Amino acid sequence: LPRLDGEVQRFVHDRKEGNPAPPVQGALFTRSSVWGLRIERMRARQLADVVKRCVAGDMDIGGVCWFEHINMIVGDMEQALHFYCALLGFNRDESPSFHVNLGRQQLHLSVGEAQVLPGSVGLAVPSLAAVAGRIAAARLVLSGTCFEVLADSGMLEACAGAEPFLSLQCPWGNVFHVFAAARPSASSPPRSKTKRPRLVEMQAHLDESMGVGGLPSAGLRFLEVIVSKGTIREAAAFYEEVFGAKAYLDKPSGLALISVGPSTAFVFSEGEDGAGLSAERAATAQGVHVCIYISAFKRSYDALASRSLIWSNPRFAHLDTCGSYEEALASRQFRFKDILGADGTKLFELEHETRSMRHIQFFKRINYQPVP
């Protein structure tokens with residue numbers, strides 16, 4: 001990747017000289033911990049390593065079979081289109097709705113008071129270099145917003161030879177870690193000298209890429225969800241108990257994740273600063289929802305209903321209701337928003353639009369062509 005400009009150069013110099021790292025100006029939260037980056041603890045790299053390490057070699061997906069979209073509010077349509085489409089390479093969906101597509105996944109956007117996720121989103125793109133090459137134009141268009149380059153692996157000598165990435169902050173403060181979907185060709189090992197079946201050869205290093213699915217393709221690789229201190233394991237256990245999700249505890253990092261489809265994951269952490277979820281950060285994400293598809297529809301509905309967690313969102317009452325199982329069955333989906341610990345304590349809030357694999361939109365066809 002090219003060296004973008006003097007900002008990260010100054011960051012590296014200041015760290016070497018022992019000077020404090022400046023906070024990002026204009027952000028809803030002071031991300032001095034991200035700017036401080038502490039080279040030995042690169043956040044994007046840590047998250048990428050965790051999602052690859054945990055699922056490597058495991059062919060069982062578990063009860064959550066697909067992570068389709070994130071629904072959130074942005075502050076301005078034109079700024080959102082420039083950030084997501086012109087810069088990151090999402091395609092504007094052909095539907096009348098304000099949806100943008102990456103691979104087989106989407107962001108469902110609307111305009112209003114912007115929501116800010118406490119964690120981060122990991123994206124796989126066809127060409128990381130192409131995204132980097134569009135940053136200068138994005139700086140001009142998004143000047144005066146919270147848009148920022150938080151980290152660029154090409155800037156930090158300690159990252160040489162490792163998975164390249166960009167960490168970008170959107171115009172309203174959401175953080176996106178951006179990776180190349182395909183495994184870097186420079187680090188790809190030669191083919192085995194021993195003749196192996198064709199499919200074995202084709203898939204030998206599949207788990208080492210950051211792509212989504214078997215191609216591997218562009219898409220939403222992971223969602224980092226920040227939880228309160230000491231509740232990482234409980235968060236993963238909730239999904240394991242309710243949905244039969246595959247849960248993993250990564251001992252080297254202390255993070256936990258659940259599989260939410262082929263090569264996609266929800267990662268539970270206490271944040272880049274280790275402070276955990278604060279009430280202030282939780283409030284800015286209220287109303288955000290994710291859409292998942294599950295294999296055990298009735299079992300999961302009953303598990304949530306027994307905890308009094310089933311919830312019909314008034315905002316989407318024209319689409320679906322789920323106050324009873326009969327209503328959920330008719331819509332082939334239900335919703336809930338509270339994630340509980342083992343003792344019934346609320347850990348965090350994140351609405352889940354939860355669909356049967358027999359839902360009409362399961363793995364739906366969407367328009368997506370990589371942006372050159």
_Between residue 307 and residue 77, what's the calculated FRET efficiency when r is the beta-carbon distance and R0 is 41 Å? Round to 0.05._
0.60
*Packing-based order for 121-130, 199-208, 169-178, using average beta carbon neighbours within 10 Å, highest first*: 169-178, 121-130, 199-208
*How much length is gained if the chain between residue 315 and residue 203 is pulled fully straight, taking 0.36 nm per residue apart and subtracting their Cα-Cα distance, in nm to one decimal?*
36.0 nm
*Would you pull out the residues with amide H under 5 Å of residue 165's amide H, same chain only if 5 or more places away, H placed 1.01 Å from N?*
153, 154
*Sort the stretch 235-303 into rounded, prolate or oblate with this rule: let a ≥ b ≥ c be the square roots of the eigenvalues of the Cα gyration tensor; rounded if a/c is under 1.5, and if a/c is not under 1.5, prolate when a/b is larger than b/c, oblate otherwise.*
oblate
*Simple spin-label estimate for residue 111 and residue 98 in nanometres, 7 Å along Cα-Cβ*: 0.6
_Ranked packing of 285-295, 311-321, most packed first, by mean Cβ within 10 Å_ = 285-295, 311-321
_In nm, spacing of pseudo-spin labels at residue 196 and residue 360 (7 Å Cα→C-beta vector)_ = 4.4
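May I ask you to give the solvent-accessible area per residue for the stretch 286-372, in square angstrom, as obtained with a 1.4 angstrom probe?
52
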*asked:* Suppose every Lys and Arg Cβ carries +1 and every Asp and Glu Cβ carries -1, with no other charges. What dipole size does the stretch 236-354 come out with about its Cα centre, to the nearest 20 debye?
replied: 300
*Note down the net charge around residue 233, summing +1 for each Lys or Arg and -1 for each Asp or Glu among other residues with Cβ under 15 Å from its Cβ.*
-3
*Order of 265-278, 49-62, 210-223, 296-309 by packing, highest average Cβ count within 10 Å first?*
210-223, 265-278, 296-309, 49-62
*Residue separation times 0.36 nm, minus the C-alpha to C-alpha distance between residue 249 and residue 349: what's the value?*
33.9 nm
*Gained length - residue 233 relative to residue 143, 0.36 nm times residue gap less alpha-carbon distance*: 28.4 nm
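The values are calculated or read from the model by the stated rules, or taken from the named source; none is laboratory data. On a predicted model such as this, the values are computed, not experimentally measured, just so you know. Cβ sites come from the backbone with ideal geometry, for glycine too, and all protein chains shown count toward neighbours. Remember, those area values only see protein heavy atoms, side chains included, never the ligands or the DNA or RNA. Shrake-Rupley method; radii C 1.70, N 1.55, O 1.52, S 1.80 Å.
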